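One structure below.
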Amino acid sequence: MTLKKPAPKRVERKVSQPKAALRSEAFARALADARTHVNDPERLRALFEEAGRKAAAVPKEPFEHSWPYVQAMLRLIRAYFRGEYRNVPQEGLLWIITAMNYFVDPFDLIPDEVPFLGFVDDAAVMSFALARTRGTLDDFMAWEISAF
Amino acid sequence: MKGKRKALAKDPRRNRVFAAVLDRAKWFAKNPDALRELFHEAVRKTKSVPKAPFKDMWTYLQAMLRLTRAYYRGEYRNVRFANLVLIIGAIIYVLDPWDLIPDWIPGLGFVDDATVLAFAVQKTRETLDDFAAWETRAP
């Protein structure tokens, strides 16, 4: 309990706490959307396309080591809505879609247009999802090089 | 001595085994059919190689394999030759298809697999990220 001051309302503008992103309204929205659309191939396709476009345009640095996994999540979503790959636990899929929903949302905890910091919260959400789906993604990538 | 070991860790290309591997890699890079065989053997080996020592680098090794496949198929060629050689070299060194690399030769001084992979990733990260971006935009 070394907090010097009680958490002010503006805490949402602070970046140091990755958990802030997970407590944000944007995250709750992303999760709720994921629950609704997890089995809707058309929605997943739209999400994949939007997130893919965005991934090509955003700075990679905030994502650090998660970046190749972000790409893997995108490919997994595509393989999933195409019905090519279904070996995904529902919960893992949910986290991946949640993270992507959050990623494409420009008005999340730290709006994406904020210089330098705009994607720090997105990166925090990605690494949260990654921590829960690493095995799933590793399996998927193993499938990618074995299939076809 | 410490400085020397540090230099080795920095650039594994100074290591004789890895240098020899890179020579082989050059040949593979020019022979799509051989590269296809190499790819399939390497993929087979991924099942028996423990991933843990590589941590997040493993993802990049997977990307190297997919890039190699896309390359020999002619689907993707947006990679500089030197980087392709390094990528193929890392695959050969780490996954050792056909068990060509002798297990232990006195005095050769092997570089750790993870060090080689980390080095190759450091040099080719941009190429691999570009490739992954292409993958999600390709049909």
Check your understanding: Quick check: anything in the stretch A:82-100 more than 20 Å from A:Val38 (Cβ to Cβ) and out of contact with any Lys or Arg (no Cβ under 8 Å at 6 or more places or on another chain)?
Key -> no
Exercise for review: Identify, by number, the condition in (1) surrounded by fewer than 23 Cβ atoms within 10 Å (Cβ to Cβ); (2) in a helix (DSSP H, G or I) that A:Ala129 doesn't meet.
Suggested key: (1)
Review point. Limited to the stretch A:85-115, what total is found for residues that are outside any loop (DSSP other than H, G, I, E, B) and in contact with a helix residue (DSSP H, G or I) (Cβ under 8 Å, 6 or more places away or on another chain)?
Key: 14
Revision key, fill the gap. Taking the stretch A:96-113 and keeping residues buried (at least 23 other Cβ atoms within 10 Å of the Cβ) and closer than 28 Å to A:Asp138 by Cβ leaves A:Ile96, A:Ile97, A:Thr98, A:Ala99, A:Met100, A:Asn101, A:Tyr102, A:Phe103, A:Asp108
Check your understanding: Which of (1) at pLDDT 95 or above; (2) more than 19 Å from A:Ala142 (Cα to Cα) does B:Lys2 not meet, given it meets every other one?
Key -> (1)
Practice item. Would you mind stating whether A:Ile145 is within 18 Å of A:Thr36 (Cα to Cα) and either in a helix (DSSP H, G or I) or under 11 Å from the mean Cα position of the chain (by Cα) (or both)? Key: no
Revision key, fill the gap. Checking B:Arg80, B:Arg66, B:Arg125, B:Arg73 in turn, the sole residue that is within 25 Å of A:Met73 (Cα to Cα) and more than 13 Å from the chain's Cα centre (by Cα) turns out to be B:Arg73
Practice item. Within the stretch A:116-148, work out how many residues are touching a residue at least 60 places away in the same chain (Cβ under 8 Å), under 17 Å from A:Leu22 (Cβ atoms) and touching a helix residue (DSSP H, G or I) at 6+ places or on another chain (Cβ under 7 Å). Key: 12
Study note, to complete from the structure: Residues in the stretch B:41-84 that are crowded, with 23+ Cβ neighbours inside 10 Å and more than 12 Å from chain A (Cβ to nearest Cβ) total 1
Review point. Out of (1) within 14 Å of chain B (Cβ to nearest Cβ); (2) modelled with pLDDT of 95 or more, what's the single condition that is false for A:Ala99?
Key: (1)
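Looking at B:Pro102, B:Pro139, which is the one that is within 30 Å of A:Glu49 (Cα to Cα), surrounded by fewer than 21 Cβ atoms within 10 Å (Cβ to Cβ) and modelled with pLDDT under 95? Show your work before the answer.
Details: B:Pro102 fails: within 30 Å of A:Glu49 (Cα to Cα).
Selected residue: B:Pro139, the only one of B:Pro102, B:Pro139 that is within 30 Å of A:Glu49 (Cα to Cα), surrounded by fewer than 21 Cβ atoms within 10 Å (Cβ to Cβ) and modelled with pLDDT under 95.
Could you pull out the residue among B:Ala118, B:Ala132, B:Ala42, B:Ala82 that is in contact with a Leu (Cβ under 6 Å, 6 or more places away or on another chain) and among the aliphatic types (A, V, I, L, M)? Show your work before the answer.
Values: B:Ala118 fails: in contact with a Leu (Cβ under 6 Å, 6 or more places away or on another chain); B:Ala132 fails: in contact with a Leu (Cβ under 6 Å, 6 or more places away or on another chain); B:Ala82 fails: in contact with a Leu (Cβ under 6 Å, 6 or more places away or on another chain).
When all the criteria are applied, what remains is B:Ala42.
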Check your understanding: Which number in (1) buried (at least 21 other Cβ atoms within 10 Å of the Cβ); (2) closer than 20 Å to B:Leu61 by Cβ; (3) under 14 Å from the mean Cα position of the chain (by Cα) marks the one condition that A:Arg134 misses?
Key -> (1)
Check your understanding: Can you tell me which residue in the stretch B:115-134 is surrounded by the fewest Cβ atoms within 10 Å (Cβ to Cβ), limited to those that are free of Cβ contacts under 8 Å to residues at least 12 places away in the same chain and under 14 Å from B:Leu67 (Cβ atoms)?
Key -> B:Glu126
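Regarding A:Ala72, is this residue under 18 Å from B:Arg66 (Cβ atoms), within 13 Å of chain B (Cβ to nearest Cβ), hydrophobic (A, V, I, L, M, F, W, C) and part of a helix (DSSP H, G or I)?
Details: under 18 Å from B:Arg66 (Cβ atoms): yes; within 13 Å of chain B (Cβ to nearest Cβ): yes; hydrophobic (A, V, I, L, M, F, W, C): yes; part of a helix (DSSP H, G or I): yes.
It is true that A:Ala72 is under 18 Å from B:Arg66 (Cβ atoms), within 13 Å of chain B (Cβ to nearest Cβ), hydrophobic (A, V, I, L, M, F, W, C) and part of a helix (DSSP H, G or I).
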Check your understanding: Any chance the stretch A:54-69 includes a residue that's without any contact (Cβ under 8 Å) to a residue 24 or more places away in the chain, under 16 Å from A:Thr133 (Cβ atoms) and surrounded by 18 or more Cβ atoms within 10 Å (Cβ to Cβ)?
Key -> yes
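The values are calculated or read from the model by the stated rules, or taken from the named source; none is laboratory data. These numbers were taken from a predicted model, which means no experiment stands behind them. Neighbour counts run over all protein chains shown; Cβ positions are idealised from the backbone, glycine included.
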